[in-house]
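Structure record follows, encoded as C-alpha coordinates.
The values are calculated or read from the model by the stated rules, or taken from the named source; none is laboratory data. These numbers were taken from a predicted model, which means no experiment stands behind them. Quick reminder, even Gly has a Cβ in these numbers, built from the backbone with ideal geometry, and neighbours come from all protein chains shown.
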Amino acid sequence: MEFVHVATRTTDLDRAIAFYQALGLKLDHTRELTKNKATLAFMAKPGGGFAVELVYNWGKDTPYDGGERFGHFAFEVDDVEAEYARLLAAGGTDVGRPPAPLQGEGHRIAFVADPDGNWVELIER
(Lines give C-alpha, C1' and ligand atoms only; values in the text may rest on other atoms or scores of the structure.)
Protein backbone atom coordinates (compact mmCIF):
# COMPACT_ATOMS: atom_id res chain seq x y z
CA MET A 1 0.00 0.00 0.00
CA GLU A 2 1.19 3.50 -0.81
CA PHE A 3 0.00 6.83 0.54
CA VAL A 4 -1.29 8.80 -2.47
CA HIS A 5 -2.91 12.00 -1.21
CA VAL A 6 -5.01 13.62 1.47
CA ALA A 7 -7.78 16.08 0.64
CA THR A 8 -8.83 19.18 2.53
CA ARG A 9 -11.23 21.95 1.63
CA THR A 10 -10.19 25.59 1.39
CA THR A 11 -12.05 28.87 1.07
CA ASP A 12 -9.10 30.61 -0.64
CA LEU A 13 -7.29 28.41 -3.13
CA ASP A 14 -4.51 30.89 -3.96
CA ARG A 15 -3.68 31.44 -0.29
CA ALA A 16 -3.66 27.69 0.40
CA ILE A 17 -1.43 27.00 -2.63
CA ALA A 18 1.05 29.67 -1.46
CA PHE A 19 1.17 28.15 2.03
CA TYR A 20 1.95 24.63 0.79
CA GLN A 21 4.52 26.01 -1.66
CA ALA A 22 6.23 27.62 1.34
CA LEU A 23 6.33 24.14 2.89
CA GLY A 24 8.20 22.90 -0.19
CA LEU A 25 5.39 21.27 -2.17
CA LYS A 26 4.88 22.09 -5.84
CA LEU A 27 1.63 22.67 -7.68
CA ASP A 28 1.50 19.46 -9.71
CA HIS A 29 -1.82 20.01 -11.49
CA THR A 30 -5.30 21.43 -11.16
CA ARG A 31 -8.63 20.07 -12.24
CA GLU A 32 -11.97 21.80 -12.73
CA LEU A 33 -15.01 19.74 -11.73
CA THR A 34 -17.84 21.52 -13.50
CA LYS A 35 -20.47 18.99 -12.43
CA ASN A 36 -19.43 19.24 -8.78
CA LYS A 37 -18.61 22.97 -9.06
CA ALA A 38 -15.13 22.68 -7.58
CA THR A 39 -11.48 23.25 -8.40
CA LEU A 40 -8.88 20.74 -7.23
CA ALA A 41 -5.22 21.68 -6.82
CA PHE A 42 -2.72 18.89 -6.16
CA MET A 43 0.33 19.98 -4.18
CA ALA A 44 3.01 17.32 -4.59
CA LYS A 45 6.32 16.57 -2.98
CA PRO A 46 9.13 17.09 -5.53
CA GLY A 47 9.95 13.66 -6.92
CA GLY A 48 6.54 12.26 -6.03
CA GLY A 49 5.45 10.16 -3.11
CA PHE A 50 2.29 11.91 -1.97
CA ALA A 51 0.10 14.97 -2.58
CA VAL A 52 -2.16 17.31 -0.68
CA GLU A 53 -5.37 17.81 -2.65
CA LEU A 54 -6.80 21.27 -2.01
CA VAL A 55 -10.51 21.43 -2.81
CA TYR A 56 -12.20 24.77 -3.48
CA ASN A 57 -15.98 24.49 -3.81
CA TRP A 58 -17.03 27.40 -6.03
CA GLY A 59 -18.78 30.14 -4.11
CA LYS A 60 -17.96 28.67 -0.68
CA ASP A 61 -16.15 31.54 0.99
CA THR A 62 -17.13 30.96 4.62
CA PRO A 63 -14.98 28.73 6.84
CA TYR A 64 -15.70 25.02 7.05
CA ASP A 65 -16.61 23.53 10.41
CA GLY A 66 -13.50 21.69 11.59
CA GLY A 67 -15.28 19.22 13.84
CA GLU A 68 -13.88 15.72 13.70
CA ARG A 69 -13.24 15.69 9.96
CA PHE A 70 -9.50 16.18 10.04
CA GLY A 71 -6.53 15.70 12.39
CA HIS A 72 -3.29 16.94 10.83
CA PHE A 73 -0.77 16.55 8.05
CA ALA A 74 2.72 15.42 9.09
CA PHE A 75 5.94 16.27 7.31
CA GLU A 76 9.49 15.26 8.17
CA VAL A 77 11.84 18.26 8.01
CA ASP A 78 15.58 18.82 8.44
CA ASP A 79 15.31 21.90 10.69
CA VAL A 80 12.08 22.19 12.68
CA GLU A 81 12.92 25.68 14.01
CA ALA A 82 13.53 27.11 10.54
CA GLU A 83 10.45 25.47 8.98
CA TYR A 84 8.22 26.57 11.87
CA ALA A 85 9.34 30.20 11.50
CA ARG A 86 9.04 30.09 7.71
CA LEU A 87 5.48 28.72 7.81
CA LEU A 88 4.37 31.31 10.35
CA ALA A 89 5.80 34.01 8.05
CA ALA A 90 3.94 32.41 5.11
CA GLY A 91 0.53 32.85 6.74
CA GLY A 92 0.46 29.96 9.18
CA THR A 93 -1.00 30.33 12.66
CA ASP A 94 0.71 29.56 15.95
CA VAL A 95 -1.39 26.91 17.72
CA GLY A 96 0.65 26.85 20.92
CA ARG A 97 2.96 23.96 20.06
CA PRO A 98 6.36 25.45 19.13
CA PRO A 99 9.38 23.24 18.37
CA ALA A 100 10.19 20.89 21.26
CA PRO A 101 11.03 17.24 21.82
CA LEU A 102 8.03 14.92 21.83
CA GLN A 103 7.18 14.23 25.49
CA GLY A 104 10.40 15.95 26.52
CA GLU A 105 12.74 13.57 24.69
CA GLY A 106 13.45 12.16 21.25
CA HIS A 107 12.22 13.70 18.02
CA ARG A 108 11.55 17.43 17.97
CA ILE A 109 8.12 18.37 16.66
CA ALA A 110 6.01 21.47 16.20
CA PHE A 111 2.51 22.26 14.98
CA VAL A 112 1.29 25.20 12.92
CA ALA A 113 -2.13 25.75 11.36
CA ASP A 114 -2.48 26.44 7.62
CA PRO A 115 -4.62 29.38 6.42
CA ASP A 116 -7.78 27.26 6.74
CA GLY A 117 -7.05 26.04 10.27
CA ASN A 118 -5.73 22.57 9.36
CA TRP A 119 -2.88 21.56 11.64
CA VAL A 120 0.50 20.70 10.12
CA GLU A 121 2.97 18.70 12.18
CA LEU A 122 6.68 19.21 11.55
CA ILE A 123 8.92 16.34 12.65
CA GLU A 124 12.71 16.63 12.94
CA ARG A 125 14.20 13.16 13.28
Given (1) touching a Pro at 6+ places or on another chain (Cβ under 9 Å); (2) over 16 Å from F73 (Cβ atoms); (3) of a type in the set (S, T, N, Q), where does T62 come up short, assuming only one miss?
-> (1)
List, please: which pairs have Cβ atoms under 7 Å, are six or more places apart or on different chains, and start with a residue in segment 2-21 that is outside the structural domain of V77 (by TED's automatic domain parsing) and end with one that is among the hydroxyl-bearing types (S, T, Y) and surrounded by 18 or more Cβ atoms within 10 Å (Cβ to Cβ)?
-> T10/Y56; L13/Y56; A16/T10
How many residues does segment 59-79 hold that are modelled with pLDDT of 75 or more, surrounded by 10 or more Cβ atoms within 10 Å (Cβ to Cβ) and under 30 Å from H107 (Cβ atoms)?
-> 7
All but one of (1) of a type in the set (V, I, T); (2) at pLDDT below 95; (3) surrounded by 17 or more Cβ atoms within 10 Å (Cβ to Cβ) hold for T34; which doesn't?
-> (3)
May I ask you to list the residues in segment 86-125 that are under 29 Å from Y56 (Cα atoms) and among the charged types (D, E, K, R)?
-> R86, D94, R97, D114, D116, E121
When you look at L27, is it out of contact with any Leu (no Cβ under 8 Å at 6 or more places or on another chain), at negative phi and not hydroxyl-bearing (S, T, Y), yes or no?
-> yes
Of everything in segment 4-26 that's aliphatic (A, V, I, L, M) and over 10 Å from A41 (Cα atoms), which residue is farthest from the chain's Cα centre (by Cα)?
-> V4
In segment 104-125, the residues that are in a loop (DSSP other than H, G, I, E, B) and closer than 23 Å to L13 by Cβ = D114, P115, D116, G117, N118
